[in-house]
1. Let me see the pair-distance distribution of the range 10-171: every alpha carbon pair, 10 Å bin width, integer percents in order.
2. Let me understand the range 179-344 better: what is its radius of gyration from the alpha carbons, and its Dmax, in angstrom?
3. Roughly how many whole Å is it from the C-alpha centroid of the range 185-258 to that of the range 285-353?
4. So, R0 is 30 Å and r is the distance between the beta-carbons of Arg185 and Asp342; what FRET efficiency does that work out to, to 0.05?
5. How large is ³J(HN,Hα) for each residue in the range 19-36, as worked out from phi by the Karplus curve 6.51 cos²θ - 1.76 cosθ + 1.60 (θ = phi - 60°), to whole Hz, x for Gly and Pro?
6. Please check: in the Gaussian network model of the chain (C-alpha springs, under 10 Å), which one of Met39, Met239, Met179 has the largest mean-square fluctuation.
7. Fully extended, how many nm does the chain gain between Glu216 and Leu60 (0.36 nm per residue separation, minus their Cα-Cα distance)?
8. Springs between alpha-carbon pairs under 10 angstrom, Gaussian network model over the chain: which of Arg212, Arg33, Arg100 fluctuates most?
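Derivation of every value follows stated rules applied to the coordinates shown; laboratory data play no part. Just so we're clear, the structure is a prediction, and the values are computed from it rather than from any experiment. Methodologically, a virtual Cβ is constructed for each residue, glycine included, from the backbone with ideal geometry; neighbour enumeration extends over all protein chains shown.
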Amino acid sequence: MGEIDEMPNLVVDANIQSALADFELPTELGFGRVLVPVMYRCDYADGVWQSGHLGALEPLSISPAAKVLQYGHQVFEGLKAYKTGLNAPQLFRPEMNAQRLASSAERIDMPCVSTAHFMQAVEAVVKVCDAFIPTESGQSLYLRPYIMGTEADLGLGRSDTYTFIVLASPSEIIQKGTMKVLIERERSRVAIGGTGDVKLGSNYTAGIASARRANEQGFNQSIWLDPESRKMIEELSGMNFFAVIDGELHTPALLGSILPGITRDSIVQLAFAMGYKVVERSINIDTLLAQIGSGQCREVFACGTAAVITPISEFGEYDGTRYPLAEPEGIITAELKGALVDIQEGRAADNFGWAHPVIG
Ligand SMILES: Cc1ncc(COP(=O)(O)O)c(C=O)c1O
């Protein structure tokens with residue numbers, strides 16, 4: 001569909017101050033567990049987005065027959081507002097999240113939210129949550145914008161009504177330290193020509209059972225291979241992938257089945273500016289495992305908004321074979337992470353124009 005909507009009015013509901021009055025940040029944040037008790041909500045009906053509301057976080061009332069409940073008719077985003085050592089909170093490349101949400105919506109025939117509307121909603125939430133943005137390095141306000149089809153109709157097809165919501169969760173990095181990754185050789189997350197390059201809730205549901213099997217075997221996550229040959233590395237369930245091979249940075253090319261991560265794109269640009277050779281190509285898992293064995297590949301890492309840059313300490317197979325990395329927290333991984341986080345948290349000059357301060 002992909003029509004451009006008029007900018008909806010923003011209404012601030014009277015219940016918002018009482019919702020925030022008793023809220024305090026807990027000492028243990030974790031990731032995505034704590035919600036600031038406010039939300040932005042905008043409903044789509046009669047072909048237009050209606051007024052947007054910034055109000056108290058409340059349960060939703062939707063029909064049990066809503067399309068989102070029947071067919072997972074939902075798209076979402078994840079981005080962070082940082083306030084470490086900064087007076088005003090800042091977002092990191094939020095327009096890219098807006099554009100990706102629009103692509104995701106278009107892919108499943110949902111009305112998209114314009115970049116201006118997305119920014120209005122996200123900025124309104126950040127401003128009202130200002131006092132609850134944690135300020136230690138590694139902490140931030142994780143924002144979760146999403147759109148879902150709410151029409152009560154069991155027939156398969158687009159919805160006549162939608163709801164766009166933005167939630168806010170003071171959070172830490174999702175995975176502290178390094179992680180162990182299980183190579184998923186049996187199942188696939190996406191199909192060729194499918195929806196792997198957009199952000200649908202249903203893509204993530206497809207990975208839940210694999211993640212559980214990985215956890216049961218002592219791994220933090222699974223890594224997905226391409227659905228055709230089952231040989232080429234794609235990505236993790238919520239993170240893109242990089243390997244440092246002979247001092248060069250290699251990452252799977254964007255061939256349509258993996259998510260074009262904003263962190264991935266930022267790392268490619270940063271690494272290039274730092275003088276590293278960056279190669280975007282198909283990476284054969286078995287070749288990479290051999291290179292890990294020979295010491296040609298000593299560092300690999302995953303990246304994403306939630307993960308930032310998380311080093312991988314070990315790959316493993318279901319049969320118990322393990323492939324430990326020689327330098328899981330190696331120099332190049334640390335250098336890239338430092339450069340990225342310094343821009344996100346406002347310590348370094350933002351030569352790329354990525355920071356987006358939220359003023360007022
Ligand atoms: C499947 C998948 N790959 C990669 C990423 C990393 O994307 P980004 O860096 O934009 O957060 C995410 C997170 O959104 C993801 O869900």
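1. 11, 38, 35, 14, 2, 0
2. 14.8, 42
3. 15
4. Working: r = 38 Å, r/R0 = 1.26.
According to the calculation, E is roughly 0.20.
5. 5, 8, 3, 9, 7, 10, 6, x, 6, 9, 9, x, 10, x, 8, 9, 10, 5
6. Met179
7. Details: separation 156, 0.36 × 156 = 56.16 nm, distance 3.41 nm.
Gain in length upon complete extension: 52.7 nm.
8. Among Arg212, Arg33, Arg100, the largest GNM mean-square fluctuation belongs to Arg33.
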